[in-house]
Amino acid sequence: MSRVADERRAQFTRYKHDVEDEGKPFYPYAMFHDTVMSLVVVCTMVALACIWYFTADPDTPGEEGTGWLGVVYEHKADPGTTSFTPRPDWYFYFLFYLLRIFKWPDSVILGTVGIPTIALVLLLALPFYDRRRERRLSRRPLAVVAFLLTVAAMGILTYKGATAKEATGGANLAGRWMEDNNLPEEVRPGAELFSESGCLNCHTYDGDGASNLGAPDLTNIGSQSGKDAAYLTRYISDPSKFGNNVMPKFASLGEERVRQIAEFLAASKGG
């Protein structure tokens, strides 16, 4: 232990001598470089902001007023919409896609908390467990491979998250479902409610939607024994009474709307 401590003291002494003989003081060299770089970054941000603002038409929302770097603002938000699917900013797409890989509830904690936390701890501990003086990339194969794998993983997850298909809803889907499955016209209101009330965020129907949280496909649920409109009305209102603590309660939609959705599902027998 004493020999190791002596070697480290000698290395530190040589380092101090090298700085005194060949190095440059923090002021003014490093401070000047940092100041110039900060000025470049700020000027770039100001220039991009000016290009974005002056090339777009602030009086025309949406795509018609798009400038070189996008629109000034989109159409006025509708707080009552039921078909909008929120998405994160692009730099969170990798984490967004991890949620699709690690399904809730069994492994979602590993994907959203475990992996990012482990990666952050390894990064913070890097100066403590990697104390070698060698910095040439050709002599650090393990570090280079780890870096390349990290970049590749982040890039692939970001791309997959950016191009992932989201569940969509609307009357157009309901019309196609009605035709594909030979459904009676009286269940159309329930089909439209099903497509617009967030059901497709977890369930799939006739090839539409996103299968999440272990939710089943409901295209032919009406053909299952005992799944009539009365049963489905009670189930949709409060799934916890049937042992399902994952699906939220939809009693807040109102008795009439829940009944309409239940009638639509009861009539769905897979064509």
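The values are calculated or read from the model by the stated rules, or taken from the named source; none is laboratory data. No experiment lies behind these values; they were computed from the predicted model shown. Glycine also receives a Cβ, built like all others from the backbone with ideal geometry; neighbour counts cover every protein chain displayed.
Some points to look at:
- Criterion: in a loop (DSSP other than H, G, I, E, B), surrounded by 11 or more Cβ atoms within 10 Å (Cβ to Cβ) and either of a type in the set (Gly, Ala, Ser) or at pLDDT below 85 (or both) - qualifying residue of 175, 161, 169, 155: 169
- Scanning the stretch 213-226 for residues that are in contact (Cβ under 8 Å) with a residue 40 or more places away in the chain, exposed (fewer than 14 other Cβ atoms within 10 Å of the Cβ) and closer than 27 Å to residue 102 by Cα turns up at least one hit.
- Taking the criterion of being surrounded by 18 or more Cβ atoms within 10 Å (Cβ to Cβ) and part of a helix (DSSP H, G or I), the residues of the stretch 178-195 that qualify are 178, 187, 190, 191, 192, 193, 194, 195.
- Within the stretch 62-90, considering residues that are closer than 20 Å to residue 159 by Cα and loosely packed, with under 10 Cβ neighbours inside 10 Å, the one modelled with the highest pLDDT: 89
- Annotation for the stretch 52-61: at least one member residue is surrounded by 11 or more Cβ atoms within 10 Å (Cβ to Cβ), free of Cβ contacts under 8 Å to residues at least 40 places away in the same chain, of a type outside the set (Lys, Arg) and in contact with a His (Cβ under 7 Å, 6 or more places away or on another chain).
- Where a residue in the stretch 176-200 is farther than 17 Å from residue 221 by Cα and its partner, wherever it lies, is among the hydroxyl-bearing types (Ser, Thr, Tyr), with Cβ under 6 Å and at least six apart: 196/82; 196/83; 197/82
- For the stretch 258-271, a residue qualifies if it is surrounded by fewer than 17 Cβ atoms within 10 Å (Cβ to Cβ) and out of contact with any Gly (no Cβ under 6 Å at 6 or more places or on another chain), and the qualifying residues are 270, 271.
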